[in-house]
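The values are calculated or read from the model by the stated rules, or taken from the named source; none is laboratory data. Computed from a prediction, not measured in an experiment: that's the story for all the values here. With ideal geometry, Cβ positions are generated from the backbone for all residues, glycine too; neighbour counts draw on all protein chains shown.
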């Protein structure tokens, strides 16, 4: 049996397995978090506390990233490369928060934010039927 059983409710893990799990979890913690959770002795409690913290952080990051996605416009960037970089940063953050952004979504976002003077170009790109961003 693996150490995963030590972080589930009503587990019957041995004290040795719980100690191994705590060593493993603490080994992978940031130094600041190690100090903050120094007094926690049960891997289940540590796991729950960390999960709660990450879930809260996800909400904060997700709301900011949704805002960034909503206000992302091609015309706000000096180059397509800068726009692509911002696009992939935002879509990566959305993905990490559990929201899937498809190539179709990214293409539509790009087409819909073309500057007014480039509407003909936008229409031509749409007619080409691109499927991959």
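Worth a mention:
- Any hit, the stretch 23-30, residues being touching a residue at least 40 places away in the same chain (Cβ under 8 Å), out of contact with any strand residue (DSSP E or B) (no Cβ under 7 Å at 6 or more places or on another chain), more than 30 Å from residue 124 (Cβ to Cβ) and not in a loop (DSSP other than H, G, I, E, B): no
- Failed criterion for residue 41 (all others in (1) under 22 Å from residue 132 (Cβ atoms); (2) in contact with a helix residue (DSSP H, G or I) (Cβ under 9 Å, 6 or more places away or on another chain) hold): (1)
- Count of the stretch 78-133 residues which are without any contact (Cβ under 8 Å) to a residue 24 or more places away in the chain, more than 24 Å from residue 57 (Cβ to Cβ) and not in a helix (DSSP H, G or I): 5
- Any hit, the stretch 43-65, residues being in a loop (DSSP other than H, G, I, E, B), modelled with pLDDT of 95 or more and either crowded, with 16+ Cβ neighbours inside 10 Å or assigned by the TED database to the domain that holds residue 12 (or both): no
- Total residues in the stretch 87-99 satisfying the condition of being touching a helix residue (DSSP H, G or I) at 6+ places or on another chain (Cβ under 8 Å) and farther than 15 Å from residue 54 by Cβ: the figure is 5.
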